[in-house]
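Below is one structure; the comments refer to it alone.
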Amino acid sequence: GEDVEQSLFLSVREGDSSVINCTYTDSSSTYLYWYKQEPGAGLQLLTYIFSNMDMKQDQRLTVLLNKKDKHLSLRIADTQTGDSAIYFCAELPAGNMLTFGGGTRLMVKP
Amino acid sequence: GAVVSQHPSRVICKSGTSVKIECRSLDFQATTMFWYRQFPKQSLMLMATSNEGSKATYEQGVEKDKFLINHASLTLSTLTVTSAHPEDSSFYICSARGLGPYEQYFGPGTRLTVT
């Protein structure tokens with residue numbers, strides 16, 4: 001199985017908050033990332049967090065990192081239909097290659 | 001953020017022919033470029049890593065003679081799928097990393113269909 005795990009699917013209503021969770025395994029990871037992929041497109045870097053940080057906020061996006069539990073989450077406030085996409089978390093371990101989770105498909109219902 | 005382009009975005013070719021996909025970093029110099037393959041409803045699978053001016057490093061199970069990678073400059077890498085077969089049909093995504101290891105940008109992807 002994959003070293004980085006995510007739930008497959010999340011459905012929310014427009015205007016609600018979305019929380020996408022991720023667990024990783026390599027404690028040496030220095031950076032952790034969230035990417036967004038819309039249908040038929042490449043990956044868009046949404047945000048990243050350095051491993052010595054607990055939280056990072058960027059407009060509607062909040063990233064929480066629990067290094068002890070190797071748990072990463074992405075909260076999207078006021079979720080919009082345009083946020084519907086697949087979200088990948090990724091870690092950058094000491095080996096220096098991005099390792100991706102399987103992706104979480106976010107569906108936003110109007 | 002930085003921009004990575006890919007060309008073509010979509011290509012259909014006949015079995016046995018070769019296809020070249022270009023990946024360019026438009027506003028930064030990419031010290032390292034990566035090629036990924038993505039199957040439907042799956043995550044990205046790293047195929048190879050290339051540094052400018054040197055040979056690519058291929059992941060286990062990826063045939064280097066079939067997937068030729070050339071990283072001729074700091075802004076251009078190419079992937080050539082040689083003697084393509086229907087099982088090579090996939091979504092190929094390139095990625096580029098600049099001087100900082102923490103920012104890796106992805107191209108829009110190329111949909112390859114081999115008939």
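The values are calculated or read from the model by the stated rules, or taken from the named source; none is laboratory data. Quick caveat: nothing in here was measured; it's all calculated off a predicted structure. Here the Cβ is made from the backbone with ideal geometry for all residues, glycine too, and neighbour counts use every protein chain on show.
Residue count for region A:52-74 under the criterion of being at pLDDT below 95 and under 10 Å from the mean Cα position of the chain (by Cα): the result is 0.
Has region B:49-57 got at least one residue that is under 20 Å from A:L45 (Cα atoms) and part of a strand (DSSP E or B)?
Yes, some residue in region B:49-57 is under 20 Å from A:L45 (Cα atoms) and part of a strand (DSSP E or B).
If the condition is being within 14 Å of chain B (Cβ to nearest Cβ), touching a Ser or Thr at 6+ places or on another chain (Cβ under 8 Å) and among the basic types (K, R), then region A:21-77 contributes only A:K56.
Return the residues of region A:32-42 that are over 12 Å from the mean Cα position of the chain (by Cα) and either within 18 Å of B:F34 (Cβ to Cβ) or part of a strand (DSSP E or B) (or both); say none if nothing qualifies. Spell out the reasoning first.
Pass one, region A:32-42, residues over 12 Å from the mean Cα position of the chain (by Cα): A:38-42.
Those that are over 12 Å from the mean Cα position of the chain (by Cα) and either within 18 Å of B:F34 (Cβ to Cβ) or part of a strand (DSSP E or B) (or both): A:A41, A:G42.
The set of residues from region A:86-103 being away from chain B (no Cβ under 11 Å) and within 14 Å of A:S7 (Cα to Cα) comprises just one member, A:Y87. Filtering region B:21-49 to residues that are surrounded by fewer than 15 Cβ atoms within 10 Å (Cβ to Cβ) and either touching an Asp or Glu at 6+ places or on another chain (Cβ under 7 Å) or charged (D, E, K, R) (or both) leaves B:D27, B:K41. One residue stands out among those in region B:75-96 that are touching a residue at least 60 places away in the same chain (Cβ under 8 Å) and within 13 Å of the chain's Cα centre (by Cα): the one that is farthest from the other protein chains (Cβ to nearest Cβ), which is B:T80.
When region A:69-96 is examined, which residues are found to be part of a loop (DSSP other than H, G, I, E, B) and crowded, with 17+ Cβ neighbours inside 10 Å? First the steps, then the outcome.
Within region A:69-96, the subset part of a loop (DSSP other than H, G, I, E, B) is A:69-70, A:77-80, A:84, A:93-96.
Those that are part of a loop (DSSP other than H, G, I, E, B) and crowded, with 17+ Cβ neighbours inside 10 Å: A:K70, A:T79, A:S84, A:P93.
Would a scan of region A:2-10 turn up a residue that is within 14 Å of chain B (Cβ to nearest Cβ), more than 25 Å from B:Y105 (Cβ to Cβ) and surrounded by 12 or more Cβ atoms within 10 Å (Cβ to Cβ)? Within region A:2-10, one or more residues are within 14 Å of chain B (Cβ to nearest Cβ), more than 25 Å from B:Y105 (Cβ to Cβ) and surrounded by 12 or more Cβ atoms within 10 Å (Cβ to Cβ). For region A:1-29, the set of residues classified as assigned to a loop (DSSP other than H, G, I, E, B), within 21 Å of B:E103 (Cα to Cα) and either of a type in the set (G, A, S) or modelled with pLDDT of 95 or more (or both) consists of A:S27, A:S28, A:S29, listed by residue number.
Of the residues making up region A:43-59, those that are part of a strand (DSSP E or B) and in contact with a strand residue (DSSP E or B) (Cβ under 7 Å, 6 or more places away or on another chain) are A:L43, A:Q44, A:L45, A:L46, A:T47, A:Y48, A:I49, A:F50, A:M55, A:K56, A:D58. Listed by first and then second residue, the pairs linking a residue in region A:6-25 that is touching a residue at least 24 places away in the same chain (Cβ under 8 Å) to a residue that is of a type in the set (A, V, I, L, M, F, W, C) and surrounded by fewer than 17 Cβ atoms within 10 Å (Cβ to Cβ), with Cβ atoms under 7 Å apart and 6 or more places separating them unless they lie on different chains, are A:S11/A:M107; A:S17/A:A77. Only one of the numbered conditions (1) under 23 Å from A:A41 (Cα atoms); (2) touching a helix residue (DSSP H, G or I) at 6+ places or on another chain (Cβ under 9 Å); (3) of a type outside the set (V, I, T) is not met by B:K66, and that is (1).
Only one of the listed residues (B:A84, B:A30) is part of a loop (DSSP other than H, G, I, E, B), modelled with pLDDT of 95 or more and closer than 19 Å to B:Q6 by Cβ. That residue is B:A84. The single condition among (1) surrounded by 15 or more Cβ atoms within 10 Å (Cβ to Cβ); (2) farther than 28 Å from B:V4 by Cα; (3) modelled with pLDDT under 95 that A:L32 does not satisfy is (2).
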